[in-house]
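The values are calculated or read from the model by the stated rules, or taken from the named source; none is laboratory data. Since the structure is predicted, the reported quantities are computational estimates derived from the model, not experimental observations. Every residue, glycine as well, gets a Cβ built from its backbone with ideal geometry; the counts of neighbours run over all protein chains shown. We work out accessible area using only protein heavy atoms, side chains counted, and drop any ligands, DNA or RNA first. Shrake-Rupley method; radii C 1.70, N 1.55, O 1.52, S 1.80 Å.
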Amino acid sequence: MDVKFSRYGTADYLKTEDDIAAYLDAVMEDGDPALIAAALGDVARARNFSQLARDVGMSRQGLDKALSGEGNPSLATVVKVAQVLGLRLSFKPTHTTQPA
């Protein structure tokens, strides 16, 4: 019996805004900057990557390298990509403290 496997691509499973938000929230839990950049790349690939690059003001190759997980995008690039994707970066405490 011949079994054929297709290459897994996270972008193929990011169909809705809720999917994207849940994925990015899960990645943020890890806190690894390379993983966060790669996840933004996955989201960009789920959308129109070429148009995103134009909207961000970068070449497609430059944006692909920055969001590859091996790149090191500046915070300004991450924020701009998030904004163009219709996302907002936010911060919340990692733990809550009870008032005394």
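Scan the range 36-56 for residues that are part of a helix (DSSP H, G or I) and open to solvent by 60 Å² or more (accessible area, probe 1.4 Å) and jot them down.
Across the range 36-56, the qualifying residues are Arg45, Gln51, Arg54, Asp55.
Can you tell me which residues in the range 57-75 are more than 14 Å from the chain's Cα centre (by Cα), of a type outside the set (D, E, K, R) and not in a loop (DSSP other than H, G, I, E, B)?
Within the range 57-75, Gln61, Gly62 qualify.
How many residues are closer than 9 Å to Ala46 by Cβ, surrounded by 12 or more Cβ atoms within 10 Å (Cβ to Cβ) and at pLDDT 90 or above when one looks only at the range 12-22?
Qualifying residue count, the range 12-22: 3.
Residue check: is Asp32 surrounded by fewer than 14 Cβ atoms within 10 Å (Cβ to Cβ) and closer than 22 Å to Thr94 by Cβ?
yes
Within the range 59-70, can you find the residues that are open to solvent by less than 60 Å² (accessible area, probe 1.4 Å) and either aliphatic (A, V, I, L, M) or touching a residue at least 24 places away in the same chain (Cβ under 8 Å) (or both)?
Across the range 59-70, the qualifying residues are Leu63, Ala66, Leu67, Ser68, Gly69.
Out of Ala82, Ala100, I need the residue that is exposed (fewer than 10 other Cβ atoms within 10 Å of the Cβ) and either at pLDDT below 90 or small (Gly, Ala, Ser) (or both). Which one?
The match here is Ala100.
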